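Peer 1: Pasting a structure here, questions to come.
The values are calculated or read from the model by the stated rules, or taken from the named source; none is laboratory data. Computed from a predicted structure; not experimentally measured. Positions of Cβ are backbone-derived with ideal geometry, glycine not excepted, and every protein chain shown enters the neighbour counts. Areas reflect the complete protein model, heavy atoms only, side chains present, ligands, DNA and RNA absent. Shrake-Rupley method; radii C 1.70, N 1.55, O 1.52, S 1.80 Å.
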Amino acid sequence: MTILPDSVVVIGAGLAGLRTVERLRQNGFEGSITLVGREPDLPYDRPPLSKQVLQESWAPEHTLLTSLKALEELGVDVRLGVSAVSLDKRRIGLDDGTELHPDAVVIATGVVPRELPGQPAGVSTLRTLTHARDLRDALTTAKSLLVVGAGFIGAEVTTAARSAGLEVTVLEAESRPCARILGEKGGELVARLFREAGVDLRTGSSVKQFVDARTVELADGEKLTADHILVAVGAVPDTGWLEGAAPLMPGGDGIITGSTGRIEPLPCVWALGDIAAWWDQPRRRNARAEHWTSAGDQASAVVADLLGLETPTPPVPYVWSDQFGLKLQVIGRPDLADQVETLKGEGTSGGAVKGTVLGYRRGDALVAVAAFGAPAALLSYREQVAVGTASITTVAVPDDDE
Ligand SMILES: Cc1cc2nc3c(=O)[nH]c(=O)nc-3n(C[C@H](O)[C@H](O)[C@H](O)COP(=O)(O)OP(=O)(O)OC[C@H]3O[C@@H](n4cnc5c(N)ncnc54)[C@H](O)[C@@H]3O)c2cc1C
């Protein structure tokens, strides 16, 4: 029989933390809930930070996901501007000197931007509302921008900067932009979007060192200067405070959990969202998903597990990015594929990128689809990706975590 908790502390007042709190109440939990968040702001949405906020179509406050009144109505004790600094089973130490000792702990502390060695003050990264405000202000006076890293966030900031008329140079260490998610074929389509938008995209190019906050020296000795520099080379979980307290991926790259976010060796402690490396049966390993929809899906699973309810079937992963006037969408797990084919459109044969749909197959099984400005087409493949992924998923779970 499951013994239900009377008190829950959620650490991290971002999307995953907020959705956990909401789902607890939606599922009838009547005990006490405390929500602890490092930032002074109420939970807000991050995707618009690199899109609407930078393009100045949204005021930053528009990103708020809730209000203090709504959280009060849910009976949540909200503690903002406070960080968790230690965990000992279910005893949580906070940086204001207080301790919490609830029946259940949920960790949803997200990630922080990866920085480059010697990165000077004045060089931007983009993760928080404060970062977005600072970057938006910098772009209003700059005439040129250097973006280091051509992933989704680098591409979105480039989009905003180009539409504001800035000259943009983008450095990417890989041979294609967004290749980590889309692979070579998908990355080639994104490269065309960059170039068609008048961006100086330099692939296979990396920073050797910063000369100052406006100049970098490349690996080949060339120096590049711009009015402003953004480093967008991914994000890392900030797990230092959890060392020895929770099982971590190699290098601290996420908290290892089961397939409902439960941290197996710890009784009544869960982790979700960007910081959590959930067991992913199709990949047969633990993996983090830095996807907006995963945060909500995982909150549903954590709360069901925590309250002893039936846990939902994990949905097919989904991520999107708005780049150069089109919506790029991916369902499934492209990293599982051994071949990529064109399902629709002309982009891979030199025609318009918009309308192109790529299928990622492992053997005969369709395991992912990427659509470039083709949202209806993407939807039509969702079921096939679910079936294809199920067909490669075995029931047996290895007894180690890798
Ligand atoms: C600029 C940007 C654009 C994005 N665009 C997209 C997109 O288009 N599509 C998509 O699918 N995904 C997108 N994402 C990713 C998506 O926003 C994340 O997957 C989602 O925010 C993850 O939610 P989270 O709650 O796990 O982490 P977060 O939203 O980062 O929340 C974690 C919170 O925990 C707090 N915290 C950290 N440490 C502590 C501590 N020790 N104690 C207390 N609090 C702590 C942090 O301050 C933060 O507020 C984007 C992300 C960014 C940054």
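Peer 1: Residues to consider are D227, D220; find the one that is at pLDDT below 95 and in the same structural domain as G122 (by TED's automatic domain parsing). Write out each step before concluding.
Peer 2: Details: D227 fails: at pLDDT below 95.
One residue alone meets the criteria, D220.
Peer 1: What is the one condition in (1) surrounded by 15 or more Cβ atoms within 10 Å (Cβ to Cβ); (2) at pLDDT 95 or above; (3) of a type in the set (D, E) that D212 does not satisfy?
Peer 2: (1)
Peer 1: Let me ask something else. In the range 114-137, which residues are closer than 25 Å to L42 by Cβ and open to solvent by less than 30 Å² (accessible area, probe 1.4 Å)?
Peer 2: Residues satisfying the conditions are S124, T125, L126, T128, L129, A132, L135.
Peer 1: Scan the range 28-37 and give yes if some residue there is surrounded by 14 or more Cβ atoms within 10 Å (Cβ to Cβ) and of a type in the set (D, E, K, R), otherwise no.
Peer 2: Scanning the range 28-37 turns up no residue that is surrounded by 14 or more Cβ atoms within 10 Å (Cβ to Cβ) and of a type in the set (D, E, K, R).
Peer 1: Which of the residues spanning the range 23-41 are of a type in the set (A, V, I, L, M, F, W, C) and near the ligand (Cβ under 10 Å from one of its atoms)?
Peer 2: Listed by number, the residues that qualify are L35, V36.
Peer 1: Further, regarding this structure: Check off (1) under 24 Å from the mean Cα position of the chain (by Cα); (2) closer than 25 Å to G244 by Cα for R136 and give me the number that stays unchecked.
Peer 2: Going through the list (1) under 24 Å from the mean Cα position of the chain (by Cα); (2) closer than 25 Å to G244 by Cα, R136 breaks only (2).
Okay, residues lined up against (1) within 12 Å of the ligand (Cβ to nearest atom); (2) in contact with a strand residue (DSSP E or B) (Cβ under 6 Å, 6 or more places away or on another chain); (3) touching a residue at least 12 places away in the same chain (Cβ under 8 Å):
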| position | (1), (2), (3) |
| --- | --- |
| L49 | yes, no, yes |
| L71 | no, yes, yes |
| D77 | no, yes, yes |
| I92 | yes, yes, yes |
| G110 | yes, no, yes |
| V123 | no, yes, yes |
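Peer 1: Among the residues of the range 232-254, write down those that are touching a Pro at 6+ places or on another chain (Cβ under 7 Å), under 24 Å from R127 (Cβ atoms) and surrounded by 15 or more Cβ atoms within 10 Å (Cβ to Cβ).
Peer 2: Answer for the range 232-254, where residues must be touching a Pro at 6+ places or on another chain (Cβ under 7 Å), under 24 Å from R127 (Cβ atoms) and surrounded by 15 or more Cβ atoms within 10 Å (Cβ to Cβ): A235, D253, G254.
Peer 1: Could you tell me whether the range 56-69 includes any residue that is over 26 Å from the mean Cα position of the chain (by Cα), of a type outside the set (A, V, I, L, M, F, W, C), over 20 Å from W270 (Cβ atoms) and open to solvent by 80 Å² or more (accessible area, probe 1.4 Å)?
Peer 2: Yes, some residue in the range 56-69 is over 26 Å from the mean Cα position of the chain (by Cα), of a type outside the set (A, V, I, L, M, F, W, C), over 20 Å from W270 (Cβ atoms) and open to solvent by 80 Å² or more (accessible area, probe 1.4 Å).
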